[in-house]
Amino acid sequence: LRDELLDLLELHATGLEADVATRANRATGYSVGARALMAAAPLDISSRFSSGGMRSTLEDLVRWARAWLDGKVVSDASWRAITTPETTSEGFSPDYGLGFAVYPQRGRKVVAHAGGQSGATSLLLLVPEERFAVVILSNVTARGPVLNRLATRLREVVLDDGLPVRAL
């Protein structure tokens, strides 16, 4: 993983939890309690490798976003497959490609991926035709809707002269 992808993309602060280098300088995770934030339940992610078993930094994830937009992660054919919504056998399109949410917003294709676990929530939002990316990390559990609203608002400010798609 390091030799074939991470080092090539200069993602030096990204790696598996089992990699000692990624465990340094980690943020403390929190959960929302009844009246205040409280420490999130500890979670050992060292046994995970494909879903939630990696740690990174905002800087590395911005490089990761740029690598996707620059075509450095997968071939053009794979990118098209990843960013084409699938269709169920009943003909329903759930706005999901291969590992990414894919949906229109203001006539643009938005490609996004969110993650979360105890003490962390993340969002990567790409607008490929504009070469635009938003990366948001939170050290609070289950903040997906908040991160989605924030990313949408940032996209509106930068790409749509601040005009909201809908009330937030």
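The values are calculated or read from the model by the stated rules, or taken from the named source; none is laboratory data. Everything numeric here is computed off the predicted structure, so don't read it as measured data. Note: ideal-geometry Cβ built from the backbone for every residue, glycine included; neighbour counts use all protein chains shown. Note: accessible area is taken over every heavy atom of the protein model, side chains too, but ligands, DNA and RNA are not part of it. Shrake-Rupley method; radii C 1.70, N 1.55, O 1.52, S 1.80 Å.
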Signed unit charges on C-beta, dipole axis of the chain, positive-most listed residue Val134, Gly97, Ala151: Ala151
Measuring from its Cα centre, the chain shows a charge dipole (+1 at each Lys and Arg Cβ, -1 at each Asp and Glu Cβ) which, in debye to the nearest 20, is 580 debye
Hey, with R₀ at 22 Å, roughly what FRET efficiency would Thr87 and Arg108 work out to, going by the Cβ-Cβ distance, to 0.05? 0.55
Just check the chain against the gyration tensor rule for me: Cα atoms, a ≥ b ≥ c as the square roots of the eigenvalues, rounded for a/c under 1.5, and otherwise prolate or oblate depending on whether a/b exceeds b/c. oblate
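Highest mean first, what order results for 60-67, 153-160 on Cβ atoms within 10 Å?
On the way: 60-67: 18.1, 153-160: 15.2.
Packing proxy ranking, top to bottom: 60-67, 153-160.
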In whole Hz, the Karplus estimates of ³J(HN,Hα) for segment 54-61 (6.51, -1.76, 1.60; θ = phi - 60°; x where Gly or Pro) are 10, 10, 8, 10, 4, 4, 5, 5
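With both partners inside the chain, how many of the DSSP beta bridges are antiparallel, as a percent to the nearest 5?
Values: 25 of 26 bridges.
Taking every DSSP beta bridge with both residues in the chain, the antiparallel ones total about 95 percent.
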Karplus couplings for segment 104-112 from phi (6.51 cos²θ - 1.76 cosθ + 1.60, θ = phi - 60°), rounded to Hz, Gly and Pro as x? x, 9, 6, x, 10, 7, 10, 10, 9
Given a 1.4 angstrom probe, what's the average accessible area per residue across segment 75-134, in square angstrom? 53 Å²
